Amino acid sequence: MFVLIFLFHLSPSHNVKVFDTPNDKGGAVYIEWELSADDSIVSCYEVLRSENNVDYSVIATPLPHSNRFDDTDVKNGKSYWYKIRAVAGTDSSESAVFGPVHSSAQWFHHKRWNALVLSIILCGLALWYIMEAKKGKPLFIRRIAGLEAVDDAVGRSTEMGKPILYVMGLSIMGDIATIASLSILSRVAKRAAMHNTPLIVPCYDPIVMAACQETVKQAHLEAGRPDTYDESKIFFLTSDQFGYAAGVDGIIVRDKPGAIFLQGTFYAEALIISETGASVGAIQISGTPAITQLPFFVASCDYTLIGEEMFAASSYLSREPVMLGSIKGEDYSKLIIMIVMGIGILLATISQFGLLRGVAEKFIDWFTMV
């Protein structure tokens with residue numbers, strides 16, 4: 001009798017590829033391999049790693065039939081060696097060693113060329129218009145009624161012999177609205193100094209108060225009237241929301257200002273203050289990034305800066321070339337983005353009818369790549 005003994009040997013994984021994970025900040029290595037010829041009986045694949053090509057340890061156990069793994073526990077610039085172990089019950093087989101491999105951070109995400117191209121176009125437009133403005137070329141910016149009325153409001157208070165009230169709202173220095181409001185305050189303060197009209201600025205935040213004091217002081221110096229600057233008119237009121245609203249209302253009722261500027265961040269107190277201002281007959285110019293309060297300002301104020309009109313106030317009032325060029329560049333950038341979006345929508349629509357489907361897919365893929 002003859003006994004035939006077959007010794008079974010599990011086929012290893014092969015063609016192991018290990019490379020630095022692309023388009024990342026580093027700290028990751030991507031491993032890929034071809035499955036074992038006996039994959040049907042393989043229970044799992046183990047990823048082994050070494051830092052000296054001698055001592056290997058298991059760092060992951062991917063699921064059966066999985067042929068890729070992303071090792072995110074590596075250090076940039078350090079050498080690593082890898083191999084894959086196919087496991088089937090008590091039997092196992094290891095692949096050839098691959099290494100050394102290093103992880104590193106990439107400067108640019110190569111699948112986001114769209115962002116680079118658009119950034120170059122948008123920044124280029126801004127720089128072009130800035131240079132044009134510096135050459136003295138007049139740049140058209142549409143008329144903003146609320147900003148045009150600033151000088152009229154100051155003149156009205158002067159003629160009536162009444163003070164001007166400037167309310168920053170609940171702005172803090174971390175708000176972009178505060179910076180925009182300070183630029184408007186500078187213009188108001190300069191005009192008020194020229195006409196020797198009292199300017200009252202009650203503040204919700206002590207740091208904003210200090211910024212307002214410096215802004216108004218500088219405006220008086222630029223107007224050539226440093227002697228008329230009164231620091232006591234710019235004061236801290238309270239950090240309580242409705243306490244602040246009540247305090248401002250008290251100032252309005254007592255002093256009856258001829259002009260009230262409501263520029264900054266406002267919430268539920270917006271209508272309380274603006275209605276009180278309207279009750280004393282003051283001309284009111286408002287502006288806020290809080291879109292929920294804009295309807296109340298539109299209803300109760302004479303002029304309201306809507307949306308980016310408030311942020312454009314500094315360049316609109318000063319006509320400084322760099323600021324004007326930035327606004328023009330930004331406006332044309334928005335136009336380009338709207339055109340691109342319109343083309344994408346049109347192509348996506350007509351592709352549903354079988355027209356230009358390939359063109360539409362490539363166009364949309366390029367602008368939506370991540």
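The values are calculated or read from the model by the stated rules, or taken from the named source; none is laboratory data. Keep in mind the model is a prediction, meaning the values are calculated, not measured. We place every Cβ from the backbone using ideal geometry, glycine too, and count neighbours over all the protein chains shown.
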Practice item. Identify, from the list Ser103, Ser95, Ser11, Ser36, the residue that is surrounded by fewer than 18 Cβ atoms within 10 Å (Cβ to Cβ) and among the hydroxyl-bearing types (Ser, Thr, Tyr). Key: Ser11
Exercise for review: Being assigned to a loop (DSSP other than H, G, I, E, B) and of a type in the set (A, V, I, L, M) is the filter; apply it to region 291-329 and report the residue that is surrounded by the most Cβ atoms within 10 Å (Cβ to Cβ).
Suggested key: Met310
Check your understanding: Being crowded, with 19+ Cβ neighbours inside 10 Å and among the small types (Gly, Ala, Ser), is that true of even one residue in region 156-163?
Key -> yes
Review point. Which residue, of Ser181, Ser186, is under 29 Å from Ala268 (Cβ atoms), in contact with a strand residue (DSSP E or B) (Cβ under 7 Å, 6 or more places away or on another chain) and among the small types (Gly, Ala, Ser)?
Key: Ser181
Practice item. With respect to Asp24, determine if the residue is within 40 Å of the chain's Cα centre (by Cα), within 30 Å of His110 (Cα to Cα) and part of a loop (DSSP other than H, G, I, E, B). Key: yes
Check your understanding: For Thr21, are the conditions met, namely being touching a Cys at 6+ places or on another chain (Cβ under 9 Å) and modelled with pLDDT under 90?
Key -> no
Practice item. Kindly list, by first and then second residue, each pair from a residue in region 55-68 that is assigned by TED's automatic domain parsing to the domain that holds Asp38 to a residue that is surrounded by 12 or more Cβ atoms within 10 Å (Cβ to Cβ) and among the charged types (D, E, K, R), limited to pairs with Cβ atoms under 6 Å and residues at least 6 apart or on different chains. Key: Val58/Glu46; Ile59/Arg49; Thr61/Glu46; Arg68/Glu32
Check your understanding: Would you pick out the residues in region 39-69 that are of a type in the set (D, E, K, R), surrounded by 13 or more Cβ atoms within 10 Å (Cβ to Cβ) and more than 14 Å from Pro12 (Cα to Cα)?
Key -> Arg49, Glu51
Check your understanding: Which condition breaks for Met341 when tested against (1) in a helix (DSSP H, G or I); (2) at pLDDT 80 or above; (3) over 26 Å from the mean Cα position of the chain (by Cα)?
Key -> (3)
Check your understanding: Condition test on Asp240, is it surrounded by fewer than 18 Cβ atoms within 10 Å (Cβ to Cβ) and under 23 Å from Ser274 (Cβ atoms)?
Key -> yes
Practice item. Being out of contact with any Phe, Trp or Tyr (no Cβ under 9 Å at 6 or more places or on another chain) and buried (at least 16 other Cβ atoms within 10 Å of the Cβ) is the filter; apply it to region 214-233 and report the residue that is nearest to Ala245 (Cα to Cα). Key: Lys233
Review point. So is Lys256 free of Cβ contacts under 8 Å to residues at least 24 places away in the same chain and under 23 Å from Arg156 (Cα atoms) or not?
Key: no
Practice item. Could you tell me which residue of region 245-290 is modelled with the lowest pLDDT, considering only residues that are surrounded by fewer than 24 Cβ atoms within 10 Å (Cβ to Cβ) and in contact with a Pro (Cβ under 8 Å, 6 or more places away or on another chain)? Key: Thr265
Revision key, fill the gap. Within region 191-215, residues being farther than 20 Å from Gly161 by Cβ, part of a helix (DSSP H, G or I) and either touching a Leu at 6+ places or on another chain (Cβ under 7 Å) or not small (Gly, Ala, Ser) (or both) number 9
Check your understanding: Listed residues Ile260, Ile252, Ile285, Ile272; which is closer than 13 Å to Tyr166 by Cα and part of a helix (DSSP H, G or I)?
Key -> Ile252
Exercise for review: Residue by residue through region 132-147, note down the ones that are surrounded by 13 or more Cβ atoms within 10 Å (Cβ to Cβ), part of a helix (DSSP H, G or I) and either modelled with pLDDT of 85 or more or of a type outside the set (Gly, Ala, Ser) (or both).
Suggested key: Glu132, Leu147
